[in-house]
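Peer 1: Mind having a look at this structure? Questions to follow.
The values are calculated or read from the model by the stated rules, or taken from the named source; none is laboratory data. This one's a predicted model, so the numbers in the text were calculated from it and none came from an experiment. Reconstructed Cβ throughout: ideal geometry from the backbone, glycine too, with neighbour counts over all protein chains shown. Surface accessibility is based on the protein's heavy atoms, side chains included, excluding ligands, DNA and RNA. Shrake-Rupley method; radii C 1.70, N 1.55, O 1.52, S 1.80 Å.
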Amino acid sequence: MYQVLIVDDEENVRKGIIDAINRDNLGIDAIYEAESGKTALAFMGIHQVDLVITDIRMPEMGGIELIQKIREMNRELPVVVVSGYSDFTYLQAAIHYGVNDYILKPIRPLDLNGVLESAFEQIEKNYIHLDQQTIHREVILCRMVSGTISRQEAREKLENTGVVFRRGKCSACIIHPYEE
């Protein structure tokens with residue numbers, strides 16, 4: 001189940017987005033609200049969210065700055081921008097920070113739900129990829145411990161899964177929990 005954060009300075013817009021989302025079909029467990037980018041960042045520091053829907057223009061911290069801060073945290077969090085402005089500068093900035101989509105207000109429920117469905121499909125693909133990478137790493141580490149893979153081959157294969165070696169040597173250790 002997914003956790004969604006809606007960020008917009010207008011309460012009626014946030015409520016309208018909530019009403020437009022088809023929670024059951026999309027597998028959404030909870031929808032949270034924030035009235036600014038600053039409030040959203042504080043919330044995300046405490047709570048896990050799977051997707052952010054944000055307006056562009058808000059007091060304190062706007063949507064573009066929020067997206068920038070999310071990306072600085074190295075988060076590949078899906079972000080959908082909703083805005084009453086079709087200004088090319090906003091769109092260009094949103095694209096630069098890798099948003100999933102940009103929807104103009106007034107929001108059509110069919111469009112919003114289609115965008116969210118695509119974003120959630122991408123999340124699932126990323127989870128599957130990460131799970132496969134984790135399994136692949138574990139297999140390589142087990143082969144290292146058992147001596148069935150050379151150091152060079154292990155290093156190359158682990159680097160392909162995102163493990164970076166700072167020195168020329170690598171070693172592995174498997175720790176079994178203590179059982180009585």
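Peer 1: For the chain, what is the accessible area per residue in Å², given a 1.4 Å probe and the full set of protein chains? It would help to have the intermediate numbers written out before the result.
Peer 2: On the way: 11340 Å² over 180 residues.
For the chain, the per-residue accessible area is 63 Å².
Peer 1: Next question. Viscosity 0.890 mPa s, temperature 25 °C: Stokes-Einstein D of the range 1-68 from its Kirkwood Cα radius, in µm² per second?
Peer 2: It diffuses with D of about 205 µm²/s by this estimate.
Peer 1: A further question follows. How large, in percent, is the carbon and sulfur part of the accessible surface of the chain at a probe radius of 1.4 Å?
Peer 2: Values: 5610 of 11340 Å².
C and S fraction of accessible area: 49 percent.
Peer 1: So what J values fall out for the range 140-145 if you push phi through Karplus, 6.51 cos²θ - 1.76 cosθ + 1.60 with θ = phi - 60°, rounded to Hz, Gly and Pro as x?
Peer 2: Those phi angles translate into 5, 4, 5, 5, 5, 5 Hz.
Peer 1: Near the amide H of ARG57, under 5 Å away, which other amide H atoms are found, from residues 5 or more places off or on another chain, if H is placed in the peptide plane?
Peer 2: The answer is GLY63.
Peer 1: Between the alpha-carbon centers of the range 92-126 and the range 1-22, tell me the distance in whole angstrom.
Peer 2: Spelled out, the Cα-based centre of one part sits 14 Å from the other.
Peer 1: Can I ask one more? Apply the a/c threshold of 1.5 to the C-alpha gyration tensor of the range 1-129 and tell me whether it is rounded, prolate or oblate.
Peer 2: Rounded.
Peer 1: Okay, moving on. Given Cβ point charges of +1 (Lys, Arg) and -1 (Asp, Glu) and nothing else, what value in debye, to the nearest 20, does the dipole of the chain about its Cα centre take?
Peer 2: Approximately 1020 debye in magnitude.
Peer 1: Between GLU60, GLU159, GLU117, where does the largest GNM mean-square fluctuation fall for the chain, given springs only between Cα atoms within less than 10 Å?
Peer 2: GLU159
Peer 1: In whole Hz, with x marking every Gly and Pro, tabulate ³J(HN,Hα) for the range 100-113 from phi via Karplus 6.51 cos²θ - 1.76 cosθ + 1.60, θ = phi - 60°.
Peer 2: Running phi through 6.51 cos²θ - 1.76 cosθ + 1.60 with θ = phi - 60° gives 6, 6, 9, 10, 7, 7, x, 7, 8, x, 4, 5, 4, 5 Hz.
Peer 1: I'd like the orientation of helix 11-20 relative to the chain: the angle between its Cα long axis and the longest Cα principal axis, in ° from 0 to 90, rounded to 10.
Peer 2: So the helix axis and the longest Cα principal axis differ by about 70 degrees.
Peer 1: Taking amide H positions as placed 1.01 Å from N in the peptide plane, with prolines and chain starts having none, which residues 5 or more places from TYR2, or on another chain, fall under 5 Å of its amide H?
Peer 2: Under 5 Å from the amide H of TYR2 lie the amide H atoms of ILE28, ASP29, ALA30, each far enough along the sequence or on another chain.
Peer 1: Taking K and R as +1 and D and E as -1, what net charge do the other residues with C-beta under 10 Å from the C-beta of LYS157 add up to?
Peer 2: That works out to 0.
Peer 1: 5 Å is the cut-off here: which amide hydrogens, built 1.01 Å from N in the peptide plane, fall below it relative to TYR85, excluding neighbours closer than 5 in sequence?
Peer 2: Result for TYR85 returns LYS105.
Peer 1: Oh, and also: Would you mind getting me the FRET efficiency between GLU124 and LYS15? Use the beta-carbon distance for r and R0 = 25 Å, nearest 0.05.
Peer 2: Approximately 0.35, to the nearest 0.05.
Peer 1: Moving on. Tell me, what ³J(HN,Hα) does each residue in the range 61-72 have, in order and in whole Hz, if you take phi through Karplus 6.51 cos²θ - 1.76 cosθ + 1.60 with θ = phi - 60° and put x for Gly and Pro?
Peer 2: 8, x, x, 5, 5, 4, 4, 4, 5, 4, 5, 5
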